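Student: Quick one: this structure, given as structure tokens, is what I'll be asking you about.
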Amino acid sequence: MAAILPHDTAKTAIVKPRNKAKQKGPIDDKVVYHARDSIRFDAAAKKVYLYGDASVKYQDLELKAAYIDLSMDSNIANAHGVENNDSGKTIGKPEFHQGADVFYADVIRYNFKSKKGRINNIRTKEGEGYVFGKTVKRDSDGVYYMKDGTYTTCEEKDPHFYIMAVKLKVIPHDQIVTGPAWLVIEGVPTPLAIPFGFFPLQQGRHSGILIPAYGVSQSQGYYLQNGGYYLGISDHLDMQLRGDIYSYGSWAQRDIINYDQRYQYTGNITFGYSLVKQPIEGTTDFSKENSWNIAWSNQQDPKARPNSTFMASVNAGSTNYYTNTSYNPATFLNNTLSSNVSFSQNFQGTPFHLTASADHTENTITHSVDIDLPVLTFSVDRIYPAKWFQSSDAVVNPNKWYNNVSFTINTSAENRIATVDSLLFKPQTLRQMQNGLTTNIPISGNFRVFRYFTLTPAVNITSTEYFQTIRQKWNNGKDSIVTDTVQGFQMANTYNATLSLTTNVYSLYSLGVHRAITIRDVIYPSIGFTYQPDFSSSAYNYFQNVQYDQYGHTTRYSIFQNGIYGGPSAGKQEAVNMSLANNIEMKIRQHTDSGVVYKKVTLIERFTISTSYNTVADSFKWADIAINANTTLFKKLAVNYSGTIDPYEMNAYGENINQLVWQNNEIGRFVNNSLTLSTTLTQGSGTKQTGQGQNQSQQSQSGESKSTSTNSGLQFTSPDQYFDYIQNRPAYYAPLELNQWSVTMNYSIANTLNTGINSAYTTTQGLTVNMSAQVTKYWKASVFTGYDFVGHQFTSTSISATRDMHCWELIFNTIPFGFHQDFSVEVHVKSSVLQDLKLTRQRDWEDTQQYQ
């Protein structure tokens, strides 16, 4: 044995293993012990006494305490804390370290040879939970056997809840097994007991049962909800098999697959099926309804393939699926399901791009379904032909007109099915598939003329090909037009030319004292000309004549009019296009301590009015007048307006006649107009806290409680004890302090003219409000609601709140009125290990409908 004293205040010694042939109880490695105050050797008793920050190390084990004695013969170490003379508290209680594992105790007796020990009042962290035991034995495999043990996921010294067990076995990094156990909340035993318990401690991936929630529904009976099995298939793939079952016969299933490959892709697939029977089969008001839904989301990492991307966002299924299964107003009130799956490829070093996609749109009200599969698009970046004739090192002169001429090419091929959901998978639906191919080549250039004007000529060439067209004929027997589909390749080539002239006009006005206010008005006038021939003439053979009444009157129709891309338009166009845009800003001069500054205020961001006049039309030469305006007031309130003015008079039957309203000294007749106001008010997390809230924030950041009181009862003899009690339990007392709140409001009003004999305006007016706030440090609430000013009723409203109760969480959700009204309250443990330790109360919308 050798003793080493590195300095005056610390003593370290090493016990080397003796010759194995001579000793009775050999140890396999050296024992290193250390003490801050002193080390005393008892040669007769063959013991070492360590005082003050003592420690004993053996292989990967380390024992620390204020006092440790070590027997050389038995290799047994005893450790405990010592009483502080000033405060009377015990300090330096034992700590046992083995690798990354640490536990604390009041008294430890450990045998370094057998690796067994006896421990009093152990405290250790296992996985996400904490284990406490009064009397503990540790075997050579590191397994702990406890008497009167507790397990909790609350990290407080006095936990808010725990599971008390007469016997408890802890296998580190594997599992905890208990004998008879019961739940204790705030020190009060509850009647919730189990004959045995099992708590997994395994880290990483593992499969297991998903415990369902239970309850009773007045319309569907007793139920088990959201139960099933979890499959941890690999590090990149997992799966949840969940389902619901009701005693009246309803059931549902949900299969959820998640996948993730780092730096490659990530996504999930969900398939759901629901069968709803209510109330009881055989009764007069019994109903049965099934529905399904499939959702797929896929995101490709940009680093995976820089020149290609694959994206998927699929949401398809029965129109009534979300109505039967969802409690989210934003979901079950949405009447459109849409999907898109796309792959795009950029050919590096070339101007070529290719995209292949599939699209789906479904209306849950009309039950209409539109599917585009596949859609192929080939495009070419803008090309400047003048560069073809220049050497590679030549400098392009932008002042030459031919350098500004360019063109692009866009080609698209598409297959489309338009039907209703009940006929989607029928054979006749596939026979009605539409397909086509279109190529568009826009050629344009822009030139500076007369110094302040920009002239932009353009020619658009379009070629459309179909594999089927239509033919119409008059049926005398039925007095109606019969439409036949004719198979065969047909091509329609169209073109048009445009010429536009634009400029900007700036005006400055000074107002106020000493011209402190400056208004800048920018006007963007534009005038253009469009030419397009009459493709309905017989020279193109795109239109044909058909009789439409018994008197032999005929009309013309396009043989391409039912195609995906439509057909050529009828009528010649030599139209003059006019538009006028306006932007108004204001600058206010202000004097500050640092000098003169200018504050910029936008009055009108954009105001646009546009129309056109077809010089060769035989009637209705003027097009509708379109008005659009938008601005932002007070940097918060977004204002948007749009309107359409019809310049022609209307007869008693609600039909336009070729007579301008202007002749009566009026601009026109508003066909529709709409105004929307929207704003979002928020408060950041940097709001200063005061009073108790500030104390709590400081306490949370430091991770330490400022209270020194151990009083856990409610018997207070002085104000100090009361305030001490509050500080020791901050989760119970939280002052009202609105923080991190946001309010989003949208107001809209619209008027639309319904034409006909009894033409009249239809008005819609509504307000939607979405609010969320951190009401206190532990309460968070949100409200989504709206009001229909025409119907004089609230729209679908949802209210939710969450309460952070340290190791517990309370969640409340309700839709207080309307078709889908329901509510639910749930209190559950935050930790995933005890996620099934929860109390749930809910009333589904199917139940509340019985009382409407």
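The values are calculated or read from the model by the stated rules, or taken from the named source; none is laboratory data. Values in this document were obtained by computation on a predicted structure and should not be read as measured data. As a convention, Cβ positions derive from the backbone with ideal geometry for all residues, glycine included, and neighbour counts pool all protein chains shown. To get the accessible areas, we keep the full protein, side chains included, count just its heavy atoms, and leave off ligands, DNA and RNA. Shrake-Rupley method; radii C 1.70, N 1.55, O 1.52, S 1.80 Å.
Student: Would you give the gap between the C-alpha center of region 136-156 and the C-alpha center of region 481-517, rounded to a whole Å?
Tutor: If you average the Cα positions of each part, the centres end up 77 Å apart.
Student: What accessible area per residue comes out for region 333-436, rounded to a whole number of Å², with a 1.4 Å probe?
Tutor: About 62 Å² of surface per residue is accessible.
Student: Let me ask something else about it. Calculate for the chain the 222 nm mean residue ellipticity that helices alone would give, adding -39,500 (n - 2.57) per DSSP H run of length 4 or more and normalising by residue count, nearest 500 deg cm²/dmol.
Tutor: The helix-only estimate for the chain comes to -1000 deg cm²/dmol at 222 nm.
Student: What percentage of the solvent-accessible surface of region 388-506, computed with a 1.4 Å probe over protein heavy atoms, is contributed by carbon and sulfur atoms?
Tutor: Reported share for carbon and sulfur atoms: 58 percent.
Student: Amide H of L201: which non-local residues (sequence gap of 5 or more, or other chain) have their own amide H closer than 5 Å, using H built in the peptide plane?
Tutor: Here the answer is D174, Q175, I176, since their amide H atoms fall under 5 Å of that of L201.
Student: So for each of 410-422, 153-165 I average, over its residues, the number of other beta carbons within 10 Å; can you give me the resulting order with the highest mean first?
Tutor: Per-residue Cβ counts within 10 Å, averaged per peptide and sorted highest first, yield 153-165, 410-422.
Student: Could you point to the residue in N562, N658, T270 farthest towards the positive end of the chain's charge dipole, with +1 and -1 charges on the Cβ of Lys/Arg and Asp/Glu respectively?
Tutor: Toward the positive end, the furthest listed residue is T270.
Student: Moving to a separate point now. If you find the alpha carbon centre of region 268-327 and of region 803-818, how far apart are they in angstrom?
Tutor: Region 268-327 and region 803-818 have Cα centres separated by 26 Å.
Student: So, one more: What residue among L455, V576, F543 has its Cα farthest toward the positive end of the dipole of the chain, where the charges are +1 on Lys, Arg and -1 on Asp, Glu, each on the Cβ?
Tutor: Most positive-ward Cα: L455.
Student: Charges on Cβ only, +1 for Lys and Arg, -1 for Asp and Glu, centred on the Cα centroid of the chain; of T411, W622, T323, which one is farthest towards the dipole's positive end?
Tutor: T411
Student: Please compute the per residue accessible area over region 233-288 with all protein chains in place, 1.4 Å probe, rounded to a whole number of Å².
Tutor: Here the per-residue accessible area is 61 Å².
Student: Okay, next question. Which chymotrypsin sites (Phe, Trp or Tyr not before Pro) from region 518-614 combine a DSSP loop assignment with at most 12 other Cβ atoms within 10 Å?
Tutor: Those that pass, being in a loop and sparsely packed, are Y551.
Student: Once ligands and nucleic acids are excluded and a 1.4 Å probe is used, how much of K838 is accessible, expressed in Å² to the nearest 10?
Tutor: My reading of the accessible area for K838 is about 80 Å².
Student: Between 0 and 90 degrees, rounded to the nearest ten: what's the tilt of helix 691-702 against the longest Cα principal axis of the chain?
Tutor: Taking Cα atoms only, the helix is inclined about 70 degrees.
Student: Here's a follow-up. Identify the chymotrypsin sites (Phe, Trp or Tyr not before Pro) of region 652-682 meeting these criteria: DSSP loop state and at most 14 other C-beta atoms within 10 Å of the C-beta.
Tutor: Y653
Student: A follow-up question, please. Heavy atoms of the protein only, probe of 1.4 Å, neighbouring chains included. What is the accessible area of V32 in Å², nearest 10?
Tutor: Spelled out: V32, probe radius 1.4 Å, area about 40 Å².
Student: On to the next question. Which option, (i) 51, 29, 23; (ii) 75, 37, 33; (iii) 49, 31, 26, is the value of semi-axes √(5λ) of the Cα gyration tensor in Å that was calculated from these coordinates?
Tutor: Read-out taken from this structure: (ii).
Student: Which cross-chain or sequence-distant (5 or more) residues have an amide H under 5 Å from the amide H of G654, H modelled 1.01 Å from N in plane?
Tutor: Close amide H contacts, sequence-distant or interchain: G756.
Student: Report ³J(HN,Hα) in whole Hz for each residue of region 363-371, in order, from the Karplus equation J = 6.51 cos²θ - 1.76 cosθ + 1.60 where θ = phi - 60°; Gly and Pro get x.
Tutor: Along region 363-371, the couplings run 9, 6, 8, 8, 6, 7, 10, 10, 10 Hz.
Student: Treat every Asp and Glu Cβ in the chain as -1 and every Lys and Arg Cβ as +1, leave all other atoms uncharged, and give the resulting dipole magnitude about the Cα centre to the nearest 20 debye.
Tutor: Dipole magnitude for the chain comes out near 2820 debye.
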